[in-house]
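Data block below; observations after.
The values are calculated or read from the model by the stated rules, or taken from the named source; none is laboratory data. Only a predicted model underlies this, so the values are computations on that prediction, with no experimental measurement involved. All Cβ positions, even for glycine, are placed from backbone atoms using ideal geometry, and neighbour counts span all protein chains on display.
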Amino acid sequence: MRSTVLLLVLFLLCFVVVPDVRAHAPLDTGTNENITSATIIPDPVKSWAIYATLHEGNEAQYYRFDINAGQRIHISLFTTTTGEDAAFSPAIALMGEDIPVQGAVPAYVQVPPGARIMAVSPVRAPYATYEAFAPSSFVGLAEISWDATATGTYYLAVYDPVQGGGNYGIAIGDQESFTPAEWIQSPLALLNVYQWERQDLLLVLAPAAIILVVGILLILTRKPAGTSLDLPGWFGAVAGLLFLGTGATLFTQMTYALLHAPPDPLVVVTFIFIMSSVILGLATLRHAFLHARIWTFRHRIILAILGLLALIAWSGYIVGPALAVLASALPSGKLR
């Protein structure tokens, strides 16, 4: 239990102490092919991550945000490392009344009345960047960093000057913060990132599925005498297997990302994620077997704490933590 808490402390310190680590809150785009239905960015100073697709040529997608004078507008544009997006190089244009004029946009890009345009052409990075928190990799294309000189509404357009299509991502803002709902939903958002990378979701989840199935089979066929699980024990054991499965998925995704990006010192952050899930999984499994049929109040509290720690550590795909917390409240007794 102490080692689990220690890893969780290290996990949280990654957001505060480790330099140049970026954890972005996810943001859905909706239908934003027209400037009147532009995706609203609630707080452009907060760090957001958007993963989207330009479907065809002569198309732009739009984003809108309000910002105060003196606040920094920081926008990064990137794409996947896959072959399908190797020739995809979209551009971005920031539009507002007080923006320094730079470049021009194609005729199909809608510009608000009276707005000035800062158009930034893509310059494809020579090598990919490793993202420690996902884990994943991406290729940088363009960046805007500018302090707003007036309070007002700004628009961002993403378009492809060569009239093609592909997957792109946008990182907006610098201040890392999560609402409780955003934090809890982050594991599911990461699955969307892997699909954005053009990975098959079934293959992404395969390591976790294998551990879950094999683990259940081993429990059923190889349990030592006197260690049969009751209802809380089974729920706790499945939760532990899901935590281990998260560690396996993170490890395979880290390996996949490092096949496309050069090694990065921040891979240690990913290892903390992995080890948090592994230790949580082993601790939960041990707890389920050790206390099956003899659940005291203290044992139940520890099981609930393990579930809550897993939720903090993005382990178990939300289902695992829910099962652990639920197990702590279920009646004990041998299953028949």
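Does SER145 meet the test of being in a strand (DSSP E or B) and at negative phi?
yes
In the set ILE184, ILE216, ILE170, which member is without any contact (Cβ under 8 Å) to a residue 40 or more places away in the chain, among the β-branched types (Val, Ile, Thr) and surrounded by 14 or more Cβ atoms within 10 Å (Cβ to Cβ)?
Selected residue: ILE216, the only one of ILE184, ILE216, ILE170 that is without any contact (Cβ under 8 Å) to a residue 40 or more places away in the chain, among the β-branched types (Val, Ile, Thr) and surrounded by 14 or more Cβ atoms within 10 Å (Cβ to Cβ).
Here is a list of conditions, (1) closer than 18 Å to ALA150 by Cβ; (2) surrounded by fewer than 20 Cβ atoms within 10 Å (Cβ to Cβ); (3) touching a strand residue (DSSP E or B) at 6+ places or on another chain (Cβ under 6 Å), and ASP98 meets all of them except one; can you say which number that is?
Of everything listed in (1) closer than 18 Å to ALA150 by Cβ; (2) surrounded by fewer than 20 Cβ atoms within 10 Å (Cβ to Cβ); (3) touching a strand residue (DSSP E or B) at 6+ places or on another chain (Cβ under 6 Å), ASP98 misses just condition (3).
Under 6 Å between Cβ atoms, at least 6 apart or on separate chains: pull out the pairs that start in region 89-105 with a residue that is without any contact (Cβ under 8 Å) to a residue 24 or more places away in the chain and end on any residue that is surrounded by 13 or more Cβ atoms within 10 Å (Cβ to Cβ) and polar (S, T, N, Q).
Cβ pairs passing all conditions: none.
Give region 287-336 a look and list any residue that's of a type in the set (Phe, Trp, Tyr) and either over 11 Å from ASP230 (Cα atoms) or out of contact with any Ser or Thr (no Cβ under 6 Å at 6 or more places or on another chain) (or both), or say none.
PHE297, TRP314, TYR317
Out of all the residues in region 174-189, which are under 19 Å from GLY247 (Cα atoms) and either touching a Ser or Thr at 6+ places or on another chain (Cβ under 8 Å) or of a type in the set (S, T, N, Q) (or both)?
Matches in region 174-189: GLN185, SER186, PRO187.
Being in contact with a helix residue (DSSP H, G or I) (Cβ under 7 Å, 6 or more places away or on another chain) and touching a residue at least 24 places away in the same chain (Cβ under 8 Å) narrows it down to one residue among ALA142, ALA132; which is it?
Result: ALA132 is the single residue among ALA142, ALA132 that is in contact with a helix residue (DSSP H, G or I) (Cβ under 7 Å, 6 or more places away or on another chain) and touching a residue at least 24 places away in the same chain (Cβ under 8 Å).
Within the bounds of region 110-133, is there any residue that is part of a loop (DSSP other than H, G, I, E, B), modelled with pLDDT under 95 and within 26 Å of TYR317 (Cβ to Cβ)?
Yes - at least one qualifying residue is present in region 110-133.
Modelled with pLDDT under 95, assigned to a loop (DSSP other than H, G, I, E, B) and either closer than 22 Å to SER37 by Cα or touching a Phe, Trp or Tyr at 6+ places or on another chain (Cβ under 9 Å) (or both): is that true of ALA150 in this structure?
no
So, of the residues in region 159-176 that are of a type in the set (S, T, N, Q) and more than 14 Å from ALA52 (Cα to Cα), which turns out to be modelled with the lowest pLDDT?
The selected residue is GLN163.
From THR79, THR29, grab the single residue that is farther than 30 Å from ILE302 by Cβ, in contact with a strand residue (DSSP E or B) (Cβ under 6 Å, 6 or more places away or on another chain), of a type in the set (Val, Ile, Thr) and at pLDDT below 85.
THR29
Residue check, GLU59 against (1) closer than 12 Å to VAL158 by Cα; (2) within 23 Å of the chain's Cα centre (by Cα), all met but one. Which one?
It fails just one condition, (2).
Being assigned to a helix (DSSP H, G or I), on the phi < 0 side of the Ramachandran plot and without any contact (Cβ under 8 Å) to a residue 12 or more places away in the chain is the requirement here; does LEU244 meet it?
no
Provide a single number: the residues in region 228-264 that are under 18 Å from TRP314 (Cβ atoms) and polar (S, T, N, Q).
Result for region 228-264: 4.
What single numbered condition from (1) part of a loop (DSSP other than H, G, I, E, B); (2) under 18 Å from ALA324 (Cα atoms) fails to hold for PHE235?
Result: PHE235 passes all but (1).
Determine whether ARG124 is under 30 Å from THR252 (Cα atoms), touching a residue at least 24 places away in the same chain (Cβ under 8 Å) and either outside the structural domain of MET275 (by TED's automatic domain parsing) or surrounded by 14 or more Cβ atoms within 10 Å (Cβ to Cβ) (or both).
yes
Given the conditions (1) modelled with pLDDT of 95 or more; (2) under 15 Å from GLU131 (Cβ atoms); (3) surrounded by fewer than 18 Cβ atoms within 10 Å (Cβ to Cβ), report the number of the one that ALA322 does not fulfil.
The one condition ALA322 does not meet is (2).
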